[in-house]
Amino acid sequence: MISAGSPRSAGVVNVGSGWFPDNPGGIERYVYDLARHLADADAVELCGVGIPEGATLPGVKLTNLCDPEQSFIPRLWTARQGFLDRQITQPEAVNLHFALYGFPILRDLPDVPITCTFHGPWALESQLEKSSQLGVRFKGWIEGRVYQRCDRFIVLSQAFGEILHQHYGVSREKIHKIPGGVDTQRFQMNLSRGQAREVLGWPLDRQILFTPRRLVRRMGVDNLLQAIAAVKAKVPDVWLAIAGKGPQRAELEAQVTELGLQDTVKFLGFLPEAQLPMAYQAADLTVIPSQALEGFGLVVLESLASGTPVLCTPVGGMPEIIQGFSPG
């Protein structure tokens, strides 16, 4: 257990994945912000992975389930023990966010409504990244077991609601769409493009495109690089900033060299959270080239809230955001 306080017998227990401040992914950000805002109205506990000792989140009880660096089986066993040691012992509801950490606690879930927020098809994502077929089947089996136990499901987009229904056989009556949102106090138009570029050390005299993406195949960064090579022929000063980490980075860097884009493309690596709003404001255009399984597209909202237009592929939930502004 991380935060102090006596156990509560009412409230909501969220079972998430990584700890957002140390692992700033889409799911992690969503779970972190959800717990933070739920705490304004109810007792809330966040059971997460890799929550450091002494970490705090105002109004939220924090329980670390396990160390993400543990090997697979010990990690699941430790996660179960962590859940049993949670601070809200008799919650009114439990909200699961990732099947992997819902699986070891299935037999220990209290007799209360169990909701799953479906952030994506874990097995299908692994298949697209060319994981082993055994691994893909195992992940699908885990997902199936967890989803059978859930009473209701939350999706951020109709696109993922369809995947949940068609691929996992969840009845439509159990699926509820609650679109994502963005913190407009954090993502806003408070800097000029030039000011943002100066702070970040970006070129002041070039046309800048920005894409914040995990560097995996389904994100489509390789296709974007091919497109940039074509754009450069007409807009020689174009500059692409790519924020994010992932296993495809070396392959993408080799592609940049092959296309002669060394002066055109910049890999930023991990971009600190404090710099993300500035990066949107520094760009002329945010590009989201996802090829598959883009559940919602939170980065689309973040960029728009920051005053920067977005060009995206018609994939997943992104058209549900963009079509109201531009049907094309």
The condition of being touching a residue at least 40 places away in the same chain (Cβ under 8 Å), in the same structural domain as Ser126 (by TED's automatic domain parsing) and more than 25 Å from Asp183 (Cα to Cα) holds, among Glu92, Glu69, only for Glu92
Taking segment 47-76 and keeping residues within 21 Å of the chain's Cα centre (by Cα), charged (D, E, K, R) and farther than 19 Å from Ile105 by Cα leaves Glu69
Output for Cβ contacts, cut-off 6 Å, separation at least six or different chains, first residue farther than 17 Å from Ser306 by Cα in segment 268-296, second in a helix (DSSP H, G or I) and not charged (D, E, K, R), reads Pro289/Asn223; Pro289/Leu224; Ser290/Met219; Ala292/Leu128; Glu294/Met318; Gly295/Phe160
Exactly one of Arg137, Arg80, Arg149, Arg145 is over 23 Å from Glu162 (Cα atoms), basic (Lys, Arg) and not assigned by TED's automatic domain parsing to the domain that holds Met219, and that residue is Arg80
Just checking, does segment 25-39 include any residue being farther than 30 Å from Ala274 by Cβ and not in a helix (DSSP H, G or I)? no
Here the qualifying pairs (Cβ atoms under 8 Å; residues six or more apart or on different chains; first in segment 132-143 and closer than 21 Å to Gly169 by Cβ; second of a type in the set (Phe, Trp, Tyr) and part of a helix (DSSP H, G or I)) come out as Lys139/Trp122; Gly140/Trp122; Ile142/Phe103; Ile142/Trp122; Glu143/Trp122; Glu143/Tyr168
Among strands (runs of 3 or more DSSP E) entirely within segment 161-263, at least 1 residues that are within 20 Å of the chain's Cα centre (by Cα), under 23 Å from Thr313 (Cβ atoms) and small (Gly, Ala, Ser) occur in 239-243
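The values are calculated or read from the model by the stated rules, or taken from the named source; none is laboratory data. Keep in mind that this is a model prediction, so the values were computed, not measured. Heads up, the Cβs are rebuilt from the backbone with ideal geometry, glycines too, and the neighbour counts pull from every protein chain shown.
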